[in-house]
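Everything on this sheet refers to the single structure shown next.
Every number here is computed from the coordinates shown, using simple stated rules; none is lab data. A quick note: this is a predicted structure, and the numbers were derived from the prediction, not measured. FYI the Cβ positions are ideal-geometry reconstructions off the backbone, even for glycines, and counts take in every protein chain you see.
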Amino acid sequence: MEITIRKIQESDNKILAQIIRSCFYDFNVATPGTVYEDPTTDNLYELFTEPQSALFVAEVNGEIAGCCGIFPTEGLPENCAELVKFYLSKNSRGKGLGKMLMEKSIEFAEKSGYKSIYIESLPEFSTAVSIYEKQGFRYLEKPLGNSGHGGCNLWMLKEL
């Protein structure tokens, strides 16, 4: 199995939007107020031209398997970024790709001078939430910043 982790390319937009949205079906998650309905989900390459942001894409044997990134979400505390778009295709889960993508994203955040990383999620994404816990994220009582994803009800923060 040949694994490549790289930054997003414009040609990745369509397949990544499909992977992200399919996760909501795979885990039977309601879509209102989530990235599923976010118009930027169809234009991730353009979204991640924002300074101090990066979206990493995992390829397995040349096929796109998922993504994870860092974004300076509006309204977050100073030197805090959000870990975003952490999704894997159904056939790519359970192989360590999520951990690789998350570690690459955390490394980017550290190199970019961020002091903490914020995450919003849902209990239905329990595997991802357990990865966040193992990576040292701690639970918050309320959301931070202005992600526009009011459908999320788990909020976590990791100090770098």
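A few points about this structure:
- Peptides ranked, highest mean first, by Cβ atoms within 10 Å: ranges 101-108, 47-54, 25-32: 101-108, 47-54, 25-32
- For VAL84, distant residues with modelled amide H under 5 Å away: GLY69, ILE70, PHE71
- Order of TYR87, TYR132 - criterion: other Cβ atoms within 10 Å of each residue's Cβ, fewest first: TYR132, TYR87
- Residue-wise HN-Hα coupling along segment 116-125, computed from phi with Karplus coefficients 6.51, -1.76, 1.60 (Hz; x: Gly, Pro): 8, 10, 10, 9, 10, 8, 9, x, 4, 8
- Note on the chain: percent of Cα-Cα distances in each 5 Å bin, starting at 0 and stopping at the bin with the largest distance, equals 2, 9, 20, 24, 24, 16, 5, 1, 0.
- Over 20 Å apart at the Cα level, from the set LYS7/LYS104; LYS90/LYS111; LYS7/LYS115; LYS14/LYS95; LYS14/LYS85; LYS14/LYS90, are LYS90/LYS111; LYS7/LYS115; LYS14/LYS95.
- Full-stretch length increase - LYS111, GLU159 - with 0.36 nm per residue and alpha-carbon distance subtracted: 15.9 nm
- Partners for LYS158 among aspartates and glutamates (Cα-Cα distance below 16 Å; same-chain residues under 8 apart left out): GLU78, GLU82, GLU103, GLU107, GLU110, GLU120, GLU133, GLU141
- Structure remark: mean-square fluctuation, Gaussian network model of the chain, C-alpha springs under 10 Å; the largest value among ILE64, ILE19, ILE131 belongs to ILE131.
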